[in-house]
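Visitor: Below is the structure I would like to discuss, written out as structure tokens.
The values are calculated or read from the model by the stated rules, or taken from the named source; none is laboratory data. Given the structure is predicted, the values throughout are model-derived calculations rather than measurements. A quick note on method: Cβ atoms are made from the backbone with ideal geometry, for glycine too, and the neighbour counts reach across all protein chains shown. Protein only, heavy atoms only, side chains kept; ligands, DNA and RNA dropped before computing areas. Shrake-Rupley method; radii C 1.70, N 1.55, O 1.52, S 1.80 Å.
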Amino acid sequence: MKILGIETSYDPAKSRQVGTAGQVKPRQLILGIETSCDETAAAVVKVGSEIEILSNVVASQIKLHRQYGGVFPELASRTHLENILPTINLALKKARTNFAELEAIAVTVGPGLIGSLLMGVETARTLAYSFKKPLIGINHLEGHLAANFVDKNLKQIEFPIICLIVSGGHTSLVLMRKLGNYKTIGQTRDDAAGEAFDKVAQLLGLEYPGGPAIEVAALKSRKLELKIKLPRPMIDSEDFDFSFSGLKTAVLRLTKELGPKKIQQFRNEIAAEFQQAIVDVLVAKTLKAAQKYQAKTILLSGGVAANSALRKKLEAETLNSKANFLMPPKNLCTDNAAMIAVAAALKINTKSAAQEFNKGWQKISAQSNLELS
Ligand code: KG4
Ligand code: ZN
């Protein structure tokens, strides 16, 4: 098991005397658990006037699934089962806390692979029952979005917000008029952006996950060597929907024309043009949505948000816009549990009665097709 631990600086003495903000009690600690796909993750956040990440542990299964070219669901759930308790214990240890000190437990309830989700949900239910803690079920997409609200951002972010969520399973533009209020104004009609990265990487003989592999290949591209132009699907359409399967098919056609030798020769150039096509569409649609809804803030989230070309272009193009652009650090873009704990912190912050989550272990269940609402 490979466990990647990321910690922020933590001073236990200081953390015990945090002041109050709204209904927030001093030193509220929330344990987050995430197992919706192929990362077993646990994290602890501290809620005060800001939300601070105390520990963020990810047991990655990437190497296990690489041999299958994608996530093998059975293997993912079995590996979650092996990793989940050590991962949670490590997250508590790194945050120098224990179950008794927690204010609440939060867990991803969907969307995701049902077998994977069940491992996190059933573990969280058992822990919440055993330690008599409130349990908060979190939508995975709400978690991705919440990754933007860490540290001082919680106080600085202004509404309305347009958030681009780009992951392996989703590509959506979400309008947020206030905390907890989500309206999906556009989404992909076929493949998600991350899915397109993964499939095109396979066509180019690059390893799983395709996003980071394509990003690395694109950086090596010698731009003048192969003059190819791939389509930018739906870039000028009136709505805020996306479509990436045609782009993937265009790469498939190109690779068939080129043959194995030339694919190898021009792999980096194809990767660069494909990445640029995706980035161009995502950025254009996000800016258009921000303009239409007069957004004061533009946010970026999801695994594909770790892509440097996307981050750079969105940052550059929003410089002259009326909206402020923010994005999470790269380690909070790909699946992690800190974002799940942060989403729970926002819910506790906005609900007048956090008691709503008491006996949550009786109420929550895994839902693989859960929508953001
Ligand atoms: O959010 P995430 O970790 O899991 C899901 O909720 O799906 O996103 C995973 C997706 C994968 O498709 C992966 O290829 C893509 O995010 N990804 C990237 C990068 N890092 C991860 N795509 C482009 N560039 C990256 N640097
Ligand atoms: Zn995700």
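Visitor: Mind counting the residues in segment 291-308 that are within 16 Å of ligand 2 (Cβ to nearest atom), in contact with a Ser or Thr (Cβ under 6 Å, 6 or more places away or on another chain) and either of a type in the set (A, V, I, L, M) or open to solvent by less than 10 Å² (accessible area, probe 1.4 Å) (or both)? Give the steps one after another, and end with the answer.
Guide: First pass over segment 291-308, keeping only residues within 16 Å of ligand 2 (Cβ to nearest atom): 299-307.
Checking which are in contact with a Ser or Thr (Cβ under 6 Å, 6 or more places away or on another chain) leaves us with 302-303, 306.
Keeping just the survivors that are either of a type in the set (A, V, I, L, M) or open to solvent by less than 10 Å² (accessible area, probe 1.4 Å) (or both) gives 302, 306.
Number of matching residues: 2.
Visitor: Cβ contacts < 9 Å: first residue at positive phi, restricted to segment 146-174; second residue within 14 Å of ligand 2 (Cβ to nearest atom) and open to solvent by 50 Å² or more (accessible area, probe 1.4 Å), any location; separation 6+ or different chain. Result?
Guide: none
Visitor: Restricting attention to segment 309-334, and to residues there that are open to solvent by less than 30 Å² (accessible area, probe 1.4 Å) and within 25 Å of residue 59 (Cβ to Cβ), which single residue is nearest to ligand 1 (Cβ to nearest atom)?
Guide: If we take residues in segment 309-334 being open to solvent by less than 30 Å² (accessible area, probe 1.4 Å) and within 25 Å of residue 59 (Cβ to Cβ), then 333 is nearest to ligand 1 (Cβ to nearest atom).
Visitor: For the condition without any contact (Cβ under 8 Å) to a residue 12 or more places away in the chain, assigned to a helix (DSSP H, G or I) and either among the hydrophobic types (A, V, I, L, M, F, W, C) or more than 30 Å from residue 129 (Cα to Cα) (or both), what is the one hit in 262, 313? Full working, then the answer.
Guide: Working: 313 fails: without any contact (Cβ under 8 Å) to a residue 12 or more places away in the chain.
Unique residue meeting the criteria: 262.
Visitor: Restricting to segment 221-244, give me the number of residues that are open to solvent by 20 Å² or more (accessible area, probe 1.4 Å) and out of contact with any strand residue (DSSP E or B) (no Cβ under 9 Å at 6 or more places or on another chain).
Guide: The number of residues fulfilling the criteria is 15.
Visitor: May I ask you to list the residues in segment 119-178 that are away from ligand 2 (no atom under 16 Å from the Cβ) and of a type in the set (S, T, N, Q)?
Guide: Hits for segment 119-178 are 123, 126, 130, 153, 156.
Visitor: Separate question: Among the candidates 218, 196, which residue alone is open to solvent by less than 40 Å² (accessible area, probe 1.4 Å), within 16 Å of ligand 1 (Cβ to nearest atom), in contact with a Phe, Trp or Tyr (Cβ under 6 Å, 6 or more places away or on another chain) and assigned to a helix (DSSP H, G or I)?
Guide: Numbers: 218 fails: in contact with a Phe, Trp or Tyr (Cβ under 6 Å, 6 or more places away or on another chain).
That would be 196, the only listed residue that is open to solvent by less than 40 Å² (accessible area, probe 1.4 Å), within 16 Å of ligand 1 (Cβ to nearest atom), in contact with a Phe, Trp or Tyr (Cβ under 6 Å, 6 or more places away or on another chain) and assigned to a helix (DSSP H, G or I).
This table checks each residue for (1) outside the structural domain of residue 198 (by TED's automatic domain parsing); (2) open to solvent by 30 Å² or more (accessible area, probe 1.4 Å).
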{"residue": "134", "(1), (2)": "yes, no"}
{"residue": "137", "(1), (2)": "yes, no"}
{"residue": "140", "(1), (2)": "yes, no"}
{"residue": "146", "(1), (2)": "yes, no"}
{"residue": "163", "(1), (2)": "no, no"}
{"residue": "167", "(1), (2)": "no, no"}
{"residue": "173", "(1), (2)": "no, no"}
{"residue": "177", "(1), (2)": "no, yes"}
{"residue": "180", "(1), (2)": "no, yes"}
